Amino acid sequence: MIRSNPALAERRSTRQIKVGNVPVGGGAPVSVQSMTTTKTADVEGTLAQIYALKAAGADIVRCTCNEQAAAEGLAQIVPRSPVPIVADIHFHYEMALAALEAGVSCLRLNPGNLRKPEEIKLVASEAKDRGVPIRIGVNAGSLHPDLYKKHGGATPEALVESAQMELAYFSEVGFDDVKISVKASNVPLMIGAYRLLSETVDFPLHLGVTEAGPPPAGLVKATAGIATLLSEGIGDTIRYSLTADPVEEARAGRQLVEALGLRERQSLDLVACPSCGRAEVDVIKVAKAAQEALEKLNLPIQVAVMGCVVNGPGEAREADIGIAAGRHKGHLFIKGKIVRVVPEDEMVEALVAEAEALVREGTEERLKKADAAAEAEAEADRKALLEDKGIDANHTSEKIEKIRRKLEAASD
Ligand code: SF4
């Protein structure tokens, strides 16, 4: 497993806790979490969603434990779940005790909603006896009213103080098996709160932008907050909170840690050029068709779809495999080297077949099996396209000339 990426800030050193069999903090790979949207009492429905979340990249899944029926559901879900289960607790400490009895791997307590010190200490003490960690899940929207008043609102200082108050209660019963989150829906506030928290404590941190909303805006907000902090070396486990099928959350979380080079590739990474005046094919259509076909196979490779053979293979030379269009043909390449030329309407089919062969046989083998004439044919197509369309296929000089004339007319 990749534990850090040299291009990012060094990961801040934190203590390590174990959520079931998943280590969190202390140099462990950044784990991905999501939360079920089913009623926890619906055991089969919840388990089906947990399996789907795991397949999409979740390492840990949280389920609400808001009533007795949910706790009873958890008792059946936990032994059958493929990933550790965290019980989400808000107002009722009895539900925390019931979730512990059900065998969950972690509790999440919201200090803004569960406020009585004696109840908090009782839960921490029980968790300690059972060796179960707790996430202190502070949320700007449900901050303790006293702290809201004291700080004049939900500020980074207020969120961090809320976590510290909870830590103080825990420490009274000798409990420190903890991870912490200080989430907010406001991205700069969330970033500020986690930065402050990371300077204050060395517990592992669970990152998230709460109530980020539906995609695509929700994805942008969550990524802005989580990626900023991860690139600064802050954060040990993450959750996207999207108003969407939670599978999208798990997939986005997984894609983010892979994109930042913090986890090994487990899923497909499709790169595609944005298209331009040089494109020889409808890049959006081909990329969509390739994505649909390749996602079904779930191959852990990077695949490139490029609009022209003039720049495509070179620009996407880091991709494991790719295809570039040119003169009604598809030019298939592996690590930038053209291995086969196919008719344009067979591009996607050929790409998928070659991707499968690549995963099965490895890069070296597939390069050995390259069509000897392909490179020369692609080079001829490349030259012909350059001659046809010239270097300035995006008509830049024409556009500059138009702007110049407009400016001249305006100054006359
Ligand atoms: S130059 Fe070619 S590869 Fe680059 S954006 Fe344009 S069509 Fe795509």
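In summary, helices (runs of 4 or more DSSP H) completely within the stretch 214-310 and bearing 2 or more residues that are within 16 Å of the ligand (Cβ to nearest atom) occur at 283-297. Residues in the stretch 242-255 that are touching a residue at least 60 places away in the same chain (Cβ under 8 Å) and buried (at least 20 other Cβ atoms within 10 Å of the Cβ): 246, 249, 250, 251, 253, 254, 255.
Among the residues of the stretch 36-58, not a single one is closer than 27 Å to residue 267 by Cβ, surrounded by fewer than 22 Cβ atoms within 10 Å (Cβ to Cβ), touching a strand residue (DSSP E or B) at 6+ places or on another chain (Cβ under 6 Å) and in the same structural domain as residue 229 (by TED's automatic domain parsing). Inside the stretch 207-230, can you point out the residues that are in contact (Cβ under 8 Å) with a residue 60 or more places away in the chain and more than 13 Å from the chain's Cα centre (by Cα)? The answer is 210, 211. Of all residues in the stretch 161-176, those that are in contact (Cβ under 8 Å) with a residue 40 or more places away in the chain have Cβ atoms under 6 Å from Cβ atoms of residues that are buried (at least 20 other Cβ atoms within 10 Å of the Cβ) and not aliphatic (A, V, I, L, M), 6 or more apart or on another chain, in 162/111; 166/111.
Condition test on residue 74, is it assigned by TED's automatic domain parsing to the domain that holds residue 184, assigned to a helix (DSSP H, G or I) and in contact with a strand residue (DSSP E or B) (Cβ under 9 Å, 6 or more places away or on another chain)? It would help to see each step written out before you state the result.
On the way: assigned by TED's automatic domain parsing to the domain that holds residue 184: yes; assigned to a helix (DSSP H, G or I): yes; in contact with a strand residue (DSSP E or B) (Cβ under 9 Å, 6 or more places away or on another chain): yes.
Against the criterion (assigned by TED's automatic domain parsing to the domain that holds residue 184, assigned to a helix (DSSP H, G or I) and in contact with a strand residue (DSSP E or B) (Cβ under 9 Å, 6 or more places away or on another chain)), residue 74 qualifies.
For residue 298, the conditions (1) under 13 Å from the mean Cα position of the chain (by Cα); (2) assigned by TED's automatic domain parsing to the domain that holds residue 385 are fulfilled apart from (1).
Determine which member of the set 336, 330, 322 is within 15 Å of the ligand (Cβ to nearest atom) and under 16 Å from residue 292 (Cα atoms).
Details: 336 fails: under 16 Å from residue 292 (Cα atoms); 330 fails: under 16 Å from residue 292 (Cα atoms).
Residue meeting the stated conditions: 322.
So residue 127 clears everything in (1) among the hydrophobic types (A, V, I, L, M, F, W, C); (2) over 16 Å from residue 182 (Cβ atoms); (3) within 28 Å of the chain's Cα centre (by Cα) except one condition, right? Which one? Of (1) among the hydrophobic types (A, V, I, L, M, F, W, C); (2) over 16 Å from residue 182 (Cβ atoms); (3) within 28 Å of the chain's Cα centre (by Cα), only one is false for residue 127: (3).
Among the candidates 225, 213, the residue that is farther than 17 Å from residue 112 by Cβ and either at pLDDT 95 or above or crowded, with 21+ Cβ neighbours inside 10 Å (or both) is uniquely 225. Within the stretch 1-46, the residues that satisfy the criterion of being in a loop (DSSP other than H, G, I, E, B), among the hydrophobic types (A, V, I, L, M, F, W, C) and more than 19 Å from residue 102 (Cβ to Cβ) are 1, 2, 7, 8, 9, 28, 30.
Scanning the stretch 77-90 for residues that are surrounded by 16 or more Cβ atoms within 10 Å (Cβ to Cβ) and assigned to a helix (DSSP H, G or I) returns 77, 78.
The values are calculated or read from the model by the stated rules, or taken from the named source; none is laboratory data. Here the structure is a predicted model, which is why all the values come from computation and not from measurement. Here the Cβ is made from the backbone with ideal geometry for all residues, glycine too, and neighbour counts use every protein chain on show.
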